[in-house]
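Here is the structure we will look at.
The values are calculated or read from the model by the stated rules, or taken from the named source; none is laboratory data. For clarity, every value in this text was computed on a predicted model and none was experimentally measured. Heads up, the Cβs are rebuilt from the backbone with ideal geometry, glycines too, and the neighbour counts pull from every protein chain shown.
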Amino acid sequence: MSSLLRKLTTGGENPATQPPTRTRNDSTSGIGLEDPSAVNVDHALFSNALKAITQGQPQLLTMFIKKHAHIVDITGPVSSPTQAQVDRETGKQVVLPEAIHQMTLLDCAVKQGSVEMSINVLEAMSGGRDFLNSVGNKYDKKMSAVHLAVRQDMISVVEKIIEIAKAGGLGDGEISEMFQSFMDGGGDDLIFACCASGSFNCLKYLVSNLQFDVNLVSPSGATCLHVAAARSTVPVTEFLLESGAIVDALDNDKLTPFFLASKFNNVPVMSALAKAGASIISPAQNGAEPIYVAAQQGHVQAIELLCDLKASPDSIGCGMAPLHVASMMGHPPVVKTLISKGANVNLQGGEAKNTPAHCAAQTGNVECLKALIEGGADIKMAGSTGATTLHLASWFGKKIIVETLLANGAVPDAKDENGKTPFDYSEDGYRVGGSGPEAKKVGKILKKACGEEGGKKKKKKEKKEKEGGEGGKKSRLSRME
């Protein structure tokens with residue numbers, strides 16, 4: 001026997017320093033703490049078995065389990081590597097510390113994604129209700145081996161679990177009932193895990209063999225079809241529909257699966273849902289239709305499909321049209337796509353009666369503005385208060401927008417209903433803090449465009465010449481005297 005194999009199958013040379021391993025199910029006796037040496041040996045055995053899993057050595061794991069079969073029934077400390085994530089408040093990258101989880105060897109093998117090693121561990125476990133409870137028990141109160149298996153569509157592992165449960169005396173009804181009781185840390189059933197991860201084979205098994213309801217509702221009010229529409233594939237979606245999923249079901253936010261598919265640019269699923277009769281205009285609570293949210297998110301493909309399905313590019317259910325929100329959010333490709341699909345570039349929306357050009361001007365999206373101008377937008381149009389695009393750009397101190405508008409015929413001295421010009425707006429915006437750092441430059445540009453600077457220089461010159469003339473006349477009179 002090699003030294004490595006000897007170390008792995010005898011517990012290693014050094015006892016573990018982590019806390020003692022114990023059974024996950026508190027109803028079982030666990031390892032007797034009165035014998036610390038036995039505890040340390042079992043912990044070392046678990047640690048070495050874990051190495052076989054993480055290093056991808058199924059044969060070594062099998063030999064190890066045959067020699068120490070009891071190790072499959074206990075939990076041990078498993079560390080997760082450090083991870084980096086972006087802090088939402090600061091925007092900086094934060095390194096998360098190493099975490100320690102209490103897991104079984106089955107948890108580890110399934111999480112590793114190894115069907116072979118998962119089945120190796122399962123074959124050493126006894127069947128019955130306690131067995132099924134153990135594989136459905138969550139480590140760290142978040143995820144169980146069963147959840148991990150269905151998320152990765154490990155159908156062979158799921159079938160093996162069922163096989164062992166039946167061998168332990170459980171009937172189909174009991175197994176189905178227990179499987180339907182398994183929830184993850186968020187309170188979602190196994191069927192939602194399948195839909196979220198696109199696990200078609202496991203989904204089909206749960207529905208066909210374990211009688212899972214495809215119209216089951218999650219705590220958020222979402223059905224399986226909602227989850228699939230946002231995150232899954234066409235086969236999963238089509239299977240749910242064939243199994244009786246309600247195509248236009250509403251979640252707690254009154255959103256349909258088609259609306260979510262549009263929001264997340266899941267174009268293939270959008271097509272499948274539309275083919276099944278889904279409403280392509282069913283709005284959110286604020287009146288926004290799917291085409292609006294697709295424009296808001298910058299999804300060109302979703303926009304193209306929606307227009308092909310005859311959704312109106314001028315839908316204004318929430319007060320603004322798709323072209324308004326695309327111009328405001330800064331999505332030039334979407335703006336161009338909507339214009340090519342016949343969107344009205346001068347459509348006014350909201351209480352302010354602004355056009356898409358107003359939206360692009362006030363947010364400083366110059367490429368969107370250029371696309372609108374090329375598409376025939378009237379940049380001289382005024383909103384409900386008489387403010388033009390130049391007024392809004394001036395208020396917010398958008399220098400490049402002001403220059404673009406002036407270059408395309410904007411009227412620099414246009415007045416709103418209160419008689420205020422774009423220059424007045426730039427002054428007001430700077431005073432109240434609404435404009436950016438280029439506000440003063442905007443003011444100078446507007447003065448120059450109105451000819452005010454040139455006029456002032458001319459008057460100053462004339463005054464100087466006049467004063468010079470009068471001075472010369474007085475000088476001549478004094479000499480004559």
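When you look at Gln102, is it of a type outside the set (Asp, Glu), out of contact with any Phe, Trp or Tyr (no Cβ under 7 Å at 6 or more places or on another chain) and surrounded by fewer than 18 Cβ atoms within 10 Å (Cβ to Cβ), yes or no?
Judged against the criteria, Gln102 is not a match.
Pairs only if they're at least six apart or on different chains, beta carbon under 9 angstrom, first in segment 53-68 and in contact (Cβ under 8 Å) with a residue 40 or more places away in the chain and on the phi > 0 side of the Ramachandran plot, second not aromatic (Phe, Trp, Tyr) and not in a helix (DSSP H, G or I); list them, first residue then second.
Every condition considered, the pairs that remain are Gly56/Gln112; Gly56/Ser114.
Just to be sure I understand, how many residues within segment 222-246 are of a type in the set (Gly, Ala, Ser), under 15 Å from Leu190 (Cβ atoms) and assigned to a helix (DSSP H, G or I)?
1
From the list Ala371, Ala387, Ala343, Ala357, exactly one residue is crowded, with 19+ Cβ neighbours inside 10 Å, touching a Lys or Arg at 6+ places or on another chain (Cβ under 6 Å) and modelled with pLDDT of 95 or more. Which is it?
Step by step, each of Ala371, Ala387, Ala343, Ala357 is checked, and only Ala371 is crowded, with 19+ Cβ neighbours inside 10 Å, touching a Lys or Arg at 6+ places or on another chain (Cβ under 6 Å) and modelled with pLDDT of 95 or more.
Could you tell me how many of the residues in segment 73-98 are of a type in the set (S, T, N, Q), at pLDDT 70 or above and surrounded by 10 or more Cβ atoms within 10 Å (Cβ to Cβ)?
3
Could you tell me whether segment 143-151 includes any residue that is under 16 Å from Phe182 (Cβ atoms), modelled with pLDDT of 95 or more, in a loop (DSSP other than H, G, I, E, B) and not small (Gly, Ala, Ser)?
no
Please work out if Val269 is in a helix (DSSP H, G or I), crowded, with 21+ Cβ neighbours inside 10 Å, of a type outside the set (Gly, Ala, Ser) and under 18 Å from the mean Cα position of the chain (by Cα).
yes
Could you list all residues from segment 247-260 that are buried (at least 16 other Cβ atoms within 10 Å of the Cβ) and either polar (S, T, N, Q) or assigned to a loop (DSSP other than H, G, I, E, B) (or both)?
Within segment 247-260, Val247, Ala249, Leu250, Asp251, Leu255, Thr256 meet the criteria.
Are there any pairs, at least 6 apart or on different chains, whose C-beta atoms fall under 6 Å, with the first in segment 405-423 and closer than 13 Å to Cys450 by Cα and the second modelled with pLDDT under 95 and of a type in the set (A, V, I, L, M, F, W, C), and if so, which?
So the pair list comes out as Leu406/Ala449; Pro412/Leu446; Pro412/Ala449; Pro412/Cys450; Asp413/Cys450; Pro422/Leu446; Phe423/Leu446.
Among the residues that make up segment 394-412, is at least one of them among the acidic types (Asp, Glu), under 15 Å from Leu323 (Cα atoms) and assigned to a helix (DSSP H, G or I)?
Within segment 394-412, not a single residue is among the acidic types (Asp, Glu), under 15 Å from Leu323 (Cα atoms) and assigned to a helix (DSSP H, G or I).
I'm checking my understanding of the structure. Among residues of segment 327-377 that are part of a loop (DSSP other than H, G, I, E, B) and basic (Lys, Arg), which one is farthest from Ala302 (Cα to Cα)?
Looking at residues that are part of a loop (DSSP other than H, G, I, E, B) and basic (Lys, Arg), I get Lys353.
I'm trying to understand the selection: among the residues of segment 173-211, which are buried (at least 19 other Cβ atoms within 10 Å of the Cβ), closer than 14 Å to Glu159 by Cβ and among the small types (Gly, Ala, Ser)?
Ser199
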